[in-house]
Amino acid sequence: MPNQSCTPDEANQFDVGEEVLLCFGHENNRQMLARELQPDYHVSTADSIPSESEFALCIVDEPGLEQCHEELQAVRTASEPIIRPCLLVTSSDVQRIAPSVWEVVDDVITTPISMAELRPRIESLLRLYRLSVDYGERRQLEQVASILSHDLRNPLSVAQGNLEFAREDGDDEYLKRTARALERIEDLLGDVLTLVRQDYSASDFDLVSVDTLARETWDDFDSGESKLVVDIDGQCSVRANRSALMELFTNLFRNAKDHNERPVTVTIGVLADGFYVADDGNGIPEAKRERIFESGFSTQSDGTGLGLSIVEQVADAHDWTVSVTESDTGGARFEVTDVFFEQPDSESAGTDGGS
């Protein structure tokens, strides 16, 4: 373990918000390394990878890696495109490390180690983390810029053209077309803002009643002549961000309404590990289901193509999985799975977990 601490002029070079997680099977070594790193890093220690962990770097020993291998794999997959690197501290010969280890480990350092050797490894891996965060933010900004620059042009051109015709002819129909184009711009801007605000933490989560929130969302939704059926018996509560779950329901309701010319019946029910939102409309062709959650993809020429992308992002933020299939009536059925239901206690049962 470390036998040399860093010098004062090397300290405090790092963002204190970047968590370095020590997941060691050997407790003494974990405590020793934590003491060495704490003057310069935000250090946390654990026997396993916490489900809500958002560390910038994980340092493990061999027993810790054996215990946390699957959890590290899950974190790596869930964090993409952000990279949360892992550094393995080992007494083994690097050449003899099993190939499977490199699925979750980005660098290896052998014992005995010194801080003079460990620090550059930590620096390098934290730079990798920061670069991946920057890349993710740039990719999101590029996505928003692309949507705004491309998708706003058409409705703006329609609005401008019809206003010119209205001025020349005084025909109200041109004003109606202008109004529809402006409504589409409003929808697009609303969807883009929702998309870029998908950033939640566990502190934002409350115990929320699925059936109650679905009904509230429907009441606020411009459903026209469409109807909602809630096929849920008893209390069905999940730990979720309330406003985000409303966004999920709103976009699924809007998808059902906008993609069917006639009024539809939307049904919400429970699954063994989640819930579903189904309609009795035209359904989604099987060939298009693989792309349905892609940002910008729409089966309608005037759709923003962002609604179902928002649904997927909300699900991802809660570690849920969303998929689409055919409903019993031939319409679309969206299933949200990997959901853990909780029973509200007597004090919170009447509050719906909202704020």
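The values are calculated or read from the model by the stated rules, or taken from the named source; none is laboratory data. All values reported here derive from a predicted model rather than from experimental measurement. Cβ coordinates were reconstructed from backbone atoms using ideal geometry, including for glycine residues, and neighbour counts include every protein chain displayed. All accessible areas refer to the heavy atoms of the entire protein, side chains included, with ligands and DNA or RNA removed. Shrake-Rupley method; radii C 1.70, N 1.55, O 1.52, S 1.80 Å.
Would you call Glu36 open to solvent by 10 Å² or more (accessible area, probe 1.4 Å) and either out of contact with any helix residue (DSSP H, G or I) (no Cβ under 9 Å at 6 or more places or on another chain) or closer than 20 Å to Thr111 by Cα (or both)? Judged against the criteria, Glu36 is a match.
Pairs meeting the criteria (first residue in the range 279-296 and at positive phi, second residue open to solvent by less than 80 Å² (accessible area, probe 1.4 Å) and at pLDDT 85 or above, beta carbons under 8 Å, at least 6 apart or on different chains) are Gly283/Ser327; Gly283/Gly330; Gly283/Gly331; Gly283/Ala332. Selection of the range 39-58 for residues being open to solvent by 50 Å² or more (accessible area, probe 1.4 Å) and closer than 15 Å to Leu125 by Cβ yields only His42. Where strands (runs of 3 or more DSSP E) sit wholly within the range 208-296, those with at least 3 residues that are under 25 Å from the mean Cα position of the chain (by Cα) and within 21 Å of Asp316 (Cα to Cα) occupy 237-240, 265-271, 274-279. I'd like to check something: does the range 234-241 contain any residue that is charged (D, E, K, R), modelled with pLDDT of 80 or more and surrounded by fewer than 21 Cβ atoms within 10 Å (Cβ to Cβ)? Yes, there is a match, as at least one residue in the range 234-241 is charged (D, E, K, R), modelled with pLDDT of 80 or more and surrounded by fewer than 21 Cβ atoms within 10 Å (Cβ to Cβ). Anything in the range 146-174 that is at pLDDT below 65 and exposed (fewer than 11 other Cβ atoms within 10 Å of the Cβ)? List them, or say none. Answer for the range 146-174, where residues must be at pLDDT below 65 and exposed (fewer than 11 other Cβ atoms within 10 Å of the Cβ): Ser149, His150, Arg153. Scanning the range 59-103 for residues that are in a loop (DSSP other than H, G, I, E, B) and either among the aliphatic types (A, V, I, L, M) or more than 22 Å from Tyr135 (Cα to Cα) (or both), which turns out least open to solvent (accessible area, probe 1.4 Å)? Only one residue fits best here, namely Ile97. So in the range 305-348, with the set limited to residues that are open to solvent by 50 Å² or more (accessible area, probe 1.4 Å), at pLDDT below 85 and assigned to a loop (DSSP other than H, G, I, E, B), which one is farthest from Gly234 (Cα to Cα)? Here the answer is Glu347.
Kindly establish whether Glu294 is open to solvent by 60 Å² or more (accessible area, probe 1.4 Å), modelled with pLDDT of 90 or more and farther than 23 Å from Phe205 by Cβ. Spelling it out, it is not the case that Glu294 is open to solvent by 60 Å² or more (accessible area, probe 1.4 Å), modelled with pLDDT of 90 or more and farther than 23 Å from Phe205 by Cβ. Only one entry in Arg139, Arg130 is at negative phi, open to solvent by 30 Å² or more (accessible area, probe 1.4 Å), at pLDDT below 75 and assigned to a helix (DSSP H, G or I), namely Arg139.
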